[in-house]
Amino acid sequence: MGMVFTELMEMVETKFSFDLADRVIARSGTRGTWTAVGNYDDAELFAVVTALSEETNLPVSDLLYAYGRHLHGRFMVMYPSFFHDHADAFAFLLGLESRIHTEVRKLWPEARPPLFEPVVTAQGMDLRYSSRRGLSRLARGLLDASFDLHGPAVVIEEIDLSDGAGTHVMFRVQRLA
């Protein structure tokens with residue numbers, strides 16, 4: 001989904017600089033001509049994030065996490081209706097697949113959002129993330145931003161079920177007393 005690309009470059013321009021964004025595009029070997037409604041190869045996203053890492057000397061995992069937090073804020077601005085009518089982040093996550101990702105697939109049939117499977121537990125929720133892209137650090141940034149803004153206070157344990165590939169991760173979310 002093109003919005004992932006355009007918002008990533010928005011974050012680079014905002015948090016770093018326009019000059020850095022230009023250098024990242026040049027270093028990545030991509031054309032850098034994404035539109036929010038386009039569909040692009042995942043390899044381009046990884047090339048851009050890798051180039052950003054090389055330019056900033058920040059680990060790719062840290063950049064993906066920061067991007068997830070940034071993206072949460074942008075989603076709230078662009079799609080406020082998705083965030084209404086939820087008592088807290090737990091309620092939001094319970095409807096993520098049925099409400100939001102279903103709508104994403106209707107609007108953009110070629111989109112392949114990750115799968116989030118929530119299971120309510122006595123302490124909170126186990127949230128299974130699955131995506132061939134391996135962007136679990138981005139997902140973690142989204143999760144942390146959601147709980148920071150919408151509560152309640154939680155601790156999140158991240159269990160990689162894919163031997164470090166980040167394609168299948170269990171986020172064990174437990175309420176703090």
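Values in this text are rule-based calculations from the coordinates and carry no lab data. Quick caveat, the model's predicted, so the values are computed rather than measured. Cβ sites come from the backbone with ideal geometry, for glycine too, and all protein chains shown count toward neighbours.
Quick check for me: using +1 on Lys/Arg Cβ and -1 on Asp/Glu Cβ, what's the dipole size of the chain about its Cα centre, in debye to the nearest 20? Don't skip to the end; give the middle numbers.
Values: 17 positive and 24 negative charges, 51 e Å.
In debye, rounded to 20, the chain gives about 240.
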**Fill in**
Residue separation between THR50 and ARG172 times 0.36 nm, minus their alpha-carbon distance, gives in nm 41.1 nm
**Fill in**
Phi angles of the stretch 92-108, converted by Karplus (6.51 cos²θ - 1.76 cosθ + 1.60, θ = phi - 60°) into ³J(HN,Hα) in whole Hz with x for Gly and Pro, give 4, 5, 5, x, 4, 5, 6, 9, 7, 5, 5, 5, 4, 5, 5, 6, 10
**Contour minus Cα-Cα distance for SER162 and ASP42 (0.36 nm per residue)** = 41.3 nm
**Asked** Karplus couplings for the stretch 141-149 from phi (6.51 cos²θ - 1.76 cosθ + 1.60, θ = phi - 60°), rounded to Hz, Gly and Pro as x?
**Response** x, 4, 4, 4, 5, 5, 6, 4, 8
**Fill in**
Per the helix-only model, the chain has a calculated mean residue ellipticity at 222 nm (DSSP H runs of ≥4, -39500 (n - 2.57) each, divided over all residues, rounded to the nearest 500) of -15000 deg cm²/dmol
**Fill in**
Taking placed amide H atoms and a strict 5 Å upper bound, the residues 5 or more places from ARG128 or on another chain that come that close are GLU117, VAL119, PHE171
**Asked** For the stretch 123-131, in order, what is each residue's ³J(HN,Hα) by Karplus, 6.51 cos²θ - 1.76 cosθ + 1.60 with θ = phi - 60°, in whole Hz (x at glycine and Pro)?
**Response** 8, x, 7, 9, 10, 8, 9, 9, 6
**Prompt:** Please state the relative contact order of the chain as a whole percent: Cα pairs under 8 Å, 6+ residues apart?
**Reply:** 19 percent
**Request:** Grab every C-alpha pair in the stretch 82-175, bin the distances at 5 angstrom width from 0 up to the longest one, and report whole percents.
**Result:** 3, 14, 23, 25, 21, 11, 3, 0
**Request:** Work out the length of the dipole vector of the stretch 2-58 about its Cα centre, built from +1 on the beta-carbon of each Lys and Arg and -1 on the beta-carbon of each Asp and Glu, and round it to the nearest 20 debye.
**Result:** 60 debye
**Request:** Rounded, prolate or oblate: pick one for the chain, where a ≥ b ≥ c are the square roots of the eigenvalues of its C-alpha gyration tensor, a/c under 1.5 means rounded, and failing that, prolate if a/b is larger than b/c, else oblate.
**Result:** prolate
**Contour excess over end-to-end distance, with Cα ends at VAL120 and SER61 and 0.36 nm allotted per residue** = 18.5 nm
